[in-house]
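What follows is a short report on a single structure.
The values are calculated or read from the model by the stated rules, or taken from the named source; none is laboratory data. Because the structure is a prediction, the values reported are computed rather than measured. Cβ atoms come from the backbone with ideal geometry, glycine included; neighbour counts cover every protein chain shown. Heavy atoms of the whole protein, side chains included, go into the accessibility calculation; ligands, DNA and RNA do not. Shrake-Rupley method; radii C 1.70, N 1.55, O 1.52, S 1.80 Å.
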Amino acid sequence: MILILAITIGCLFAGGFYLLLRRSLVKLILGLILLSHGVNLLIFTMGDGVRRGAPPIVDKNGVAPFNVADPVVQALILTAIVISFGLTAFILTLAYRANQVTGSDDLDTMQGEG
Amino acid sequence: MANHLFLPLVVPLISAALSVLLGRWRFVTRSITLAAALFNLGYSGWLLWLVSSTGRQVTQASAWAAPFGITLLADVMSAVMLFLAALLMFCTIIYSLLTMEPEYEQFFYYPLLLLLLLGVSGAFLTGDLFNLYVWFEVLLISSFGLVTLGSSRAQLTGGLKYVVLNLMGSTMFLIGSGLIYGLAGTLNMAHIGERLITQSEPGLTTVIATLFLFAFGSKAALAPLFFWLPESYPTPPPAVSAIFSALMTKVGVYALYRVFGTVLPGELVRLAPLILALGGLTMVLGVLGALTQTEIRRVLSFTIISEIGFVAMGLGFASAAGLAAGLLFTAHMMIVKTALFFLAGAAERVSGTGDMRRMGGLARREPALATLWFLGMVALAGIPPMSGFFGKLALLQAGVSQGHYLISGLAVLVSLFIFLAILKIWHEVFWKKPVEDQSQMPRLAPAILIPGALLVILSVVIGISAGPVAELSTQAGTQILDLPGYIEATCGPAGCDAVTSRLIK
Amino acid sequence: MYDSIILRSVARLMLPILLMLAVFMLLRGHNLPGGGFIGGLVASCAIILQLVAFGPDFARRVLRVNYLSLAAFGVFFAAVWGLPALLTGQPYMTAFWIPDPIPGVGKIGTPVLFDLGVFFGVVGVTTQIALLLAEERNPREASDAGTAAP
């Protein structure tokens with residue numbers, strides 16, 4: 001399982017960075033979105049006993065409960081998703097406005113004066 | 001428990017919500033904003049006094065015990081930064097009231113400023129790594145709103161670069177915090193520090209530290225990650241440029257000092273040569289950029305970058321003296337740079353342009369403005385008795401006493417060139433004969449100079465009372481490196497692991 | 001674009017169900033999966049579904065509020081319910097509960113009210129973003145849909 005996740009994260013990062021290096025603004029934004037998905041999966045693999053064998057919760061007797069996932073990473077991912085949702089909405093709107101004003105999707109031609 | 005630590009967060013948040021709700025009445029919005037900033041200013045002044053006299057103040061959100069919940073912790077560095085942020089925000093709001101065009105207010109200018117203050121204050125106070133990420137995003141979102149307010153072409157294209165590069169930095173920060181959770185099993189800064197002392201995996205910790213260096217470096221405009229800054233700072237209205245120069249990069253600096261100084265001191269020692277090299281590069285590239293620019297606020301933006309190099313140098317010395325000096329320099333730079341941006345905005349207002357080639361003659365036309373600019377310029381160059389002298393002196397002392405002669409020499413050289421760049425503004429804007437006919441130009445309302453004058457006076461006061469200020473910064477520098485004290489303040493004298501194992505039994 | 005009879009029928013049917021689900025999510029959120037954020041997203045999904053099916057003008061009429069003010073009110077409301085703790089000398093956001101659960105609703109305390117604020121905030125922000133984008137992008141189609149909608 002961890003291997004599949006690792007490969008998936010690697011693919012998401014590779015795709016994200018490839019798209020970030022493109023000249024098109026839309027592809028750049030898609031790259032950022034892919035990257036944020038990759039990070040969420042990465043955080044997911046960091047919890048749940050992947051490294052320590054047990055989530056950081058115990059019952060009343062101090063025993064780690066069986067078959068329980070790590071809640072911390074889920075909270076972290078939820079927060080990260082919310083933030084990236086807001087930022088993506090903002091940057092899409094910004095790109096749309098920039099496209100209206102400059103009439104271009106090409107980052108090389110989108111200069112301040114021009 | 002110091003529950004009052006929540007006030008500088010709750011007050012701006014509630015005021016921002018209220019001023020959106022009551023946005024129809026401009027007077028109400030303005031008064032709410034001013035009152036909130038004034039409250040934060042008064043509170044953080046009191047907090048600074050409290051912290052410097054009685055030590056760290058701690059509280060736990062929702063009364064969850066330390067390594068489980070979110071800790072808020074104020075030490076001297078936090079309190080100083082909090083105070084400066086509130087002070088500069090207050091001055092910026094006054095400046096905005098005097099200069100901002102009414103149409104900006106429709107687009108939630110004042111609520112965005114309050115949210116920026118919220119994010120900055122939260123970042124300075126939190127003791128939790130992931131919470132620091134959240135506060136970063138709060139202040140980034142509001143700064144995105146501020147930088148693109150007005151939607152001119154230069155603002156949109158500069159804003160895009162700003163947004164994309166900062167998102168990259170945030171992503172790296174998120175990766176780093178995810179990895180550190182996997183490594184240490186906690187996100188509380190004190191707990192991370194405690195765990196990494198004993199169960200350190202050297203290679204992985206260094207990778208994480210480098211990710212943090214990238215993340216905070218891109219926020220702080222450290223070379224080679226500063227390209228967003230000169231594109232986005234000069235384009236919005238001067239008040240926004242001023243508050244950005246005051247707060248945005250400094251939050252990155254704070255995070256660098258906090259995370260490397262307190263949480264990962266071992267990695268600070270390991271990465272110190274890299275940080276010093278990047279600091280030197282930042283100084284040189286920043287000042288070279290400043291020398292080639294012809295717009296006032298662009299020159300100032302590039303000198304910010306150069307000065308970030310000085311601050312990184314203080315971190316790279318990896319000693320209490322270096323951190324204290326870096327902090328002193330940061331405080332000086334926040335005050336003086338904001339004042340200079342205010343004054344540059346006033347000069348642009350009189351001349352109708354920010355292009356220095358078309359300006360001139362302001363020394364005769366606006367003597368008060370010219371005098372203030374001269375004092376600010378002298379402070380920036382580091383000539384006694386202004387604040388810049390003591391910041392740079394402390395940095396150089398720390399550098400020489402630790403044997404970093406090369407970078408200290410470079411810093412002296414770069415200081416000269418910064419003075420040259422800023423002297424160019426003086427000559428072009430104030431001293432030379434006017435290029436264009438100035439008879440139609442508006443006179444400056446003296447009130448606009450008040451915020452800038454306040455800050456310049458503060459710089460002089462810091463310079464004159466250098467003794468107590470240096471003591472405060474030394475206290476802050478020692479506290480940053482005092483990880484055991486930080487752990488004790490957060491989790492109690494036995495440490496965080498003792499708390500978790502006690503709860504299990 | 002807005003002429004699918006299936007989508008319209010489903011959207012009309014789903015509106016009350018989704019809104020009820022949203023309230024359900026909101027009320028169980030303080031100790032079971034759910035909460036103000038999820039509830040708010042479900043509620044705004046209900047409105048956005050109307051937006052897709054009938055166009056922005058109709059969607060604006062589902063809840064006759066200014067969504068931006070709703071969002072601001074939500075933030076204000078959520079932040080205020082942390083204050084009672086501060087006044088009684090506890091850290092901000094420490095919970096207060098009514099001892100006995102109210103039948104049909106469950107336990108009521110400051111976290112539920114906080115969640116309610118989050119709910120308003122999320123509904124306001126999400127719906128406002130969707131509506132603004134829809135109205136901005138297709139001004140012509142929006143007016144077409146206004147005449148086509150029953």
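Is segment A:30-51 home to any residue that is modelled with pLDDT under 90, open to solvent by 60 Å² or more (accessible area, probe 1.4 Å), within 9 Å of another protein chain (Cβ to nearest Cβ) and part of a loop (DSSP other than H, G, I, E, B)? Yes; the residues of segment A:30-51 include at least one that is modelled with pLDDT under 90, open to solvent by 60 Å² or more (accessible area, probe 1.4 Å), within 9 Å of another protein chain (Cβ to nearest Cβ) and part of a loop (DSSP other than H, G, I, E, B).
Filtered by the rule that a residue be part of a helix (DSSP H, G or I) and either away from every other protein chain (no Cβ under 13 Å) or within 23 Å of B:ALA312 (Cα to Cα) (or both), segment B:181-203 gives B:MET189, B:ALA190, B:ILE192, B:GLY193, B:GLU194, B:LEU196, B:ILE197, B:THR198, B:PRO202, B:GLY203. Within segment B:494-505, the set of residues being more than 36 Å from the chain's Cα centre (by Cα) and either at pLDDT 85 or above or in a helix (DSSP H, G or I) (or both) comprises B:SER501, B:ARG502, B:LEU503, B:ILE504.
Looking only at residues in segment A:100-114 that are in contact (Cβ under 8 Å) with a residue 12 or more places away in the chain and at the interface with chain B (Cβ under 9 Å from one of its Cβ atoms), the one that is surrounded by the fewest Cβ atoms within 10 Å (Cβ to Cβ) is A:GLY114.
Considering segment C:89-108, the residues that are of a type outside the set (A, V, I, L, M) and facing chain B (nearest Cβ under 10 Å) include one that is most open to solvent (accessible area, probe 1.4 Å), namely C:GLN90. A count restricted to segment A:85-97 and to residues that are farther than 15 Å from B:LEU167 by Cβ, within 9 Å of chain B (Cβ to nearest Cβ) and not basic (Lys, Arg) stands at 0. Picking from residues in segment B:135-166 that are more than 9 Å from every other protein chain (Cβ to nearest Cβ) and open to solvent by less than 10 Å² (accessible area, probe 1.4 Å), the one that is modelled with the highest pLDDT is B:PHE136.
Of the residues B:VAL435, B:VAL469, B:VAL460, the single one that is in contact (Cβ under 8 Å) with a residue 40 or more places away in the chain, under 23 Å from the mean Cα position of the chain (by Cα) and within 30 Å of B:GLY361 (Cβ to Cβ) is B:VAL460.
Of the listed requirements (1) at the interface with another protein chain (Cβ under 10 Å from one of its Cβ atoms); (2) of a type in the set (A, V, I, L, M, F, W, C); (3) touching a Gly at 6+ places or on another chain (Cβ under 9 Å), B:LEU112 misses just one: (1). Please give the helices (runs of 4 or more DSSP H) falling wholly within segment B:17-114 in which 1 or more residues are within 23 Å of the chain's Cα centre (by Cα) and at pLDDT below 95. Output list reads B:26-54, B:76-99. Residues in segment B:175-186: is at least one open to solvent by 10 Å² or more (accessible area, probe 1.4 Å) and over 28 Å from B:ASP482 (Cβ atoms)? Yes: segment B:175-186 contains one or more residues that are open to solvent by 10 Å² or more (accessible area, probe 1.4 Å) and over 28 Å from B:ASP482 (Cβ atoms). Between B:SER52, B:SER62, the distinction of being open to solvent by 10 Å² or more (accessible area, probe 1.4 Å), free of Cβ contacts under 8 Å to residues at least 24 places away in the same chain and of a type in the set (Ser, Thr, Tyr) belongs to B:SER62 only. For segment C:26-46, the count of residues that are open to solvent by 60 Å² or more (accessible area, probe 1.4 Å) and within 14 Å of chain B (Cβ to nearest Cβ) is zero. Selection of first residues in segment C:21-50 that are among the basic types (Lys, Arg) and of second residues that are assigned to a loop (DSSP other than H, G, I, E, B), restricted to Cβ pairs under 8 Å at least 6 apart or on distinct chains, gives the following pairs, ordered by first then second residue: C:ARG28/C:GLY34.
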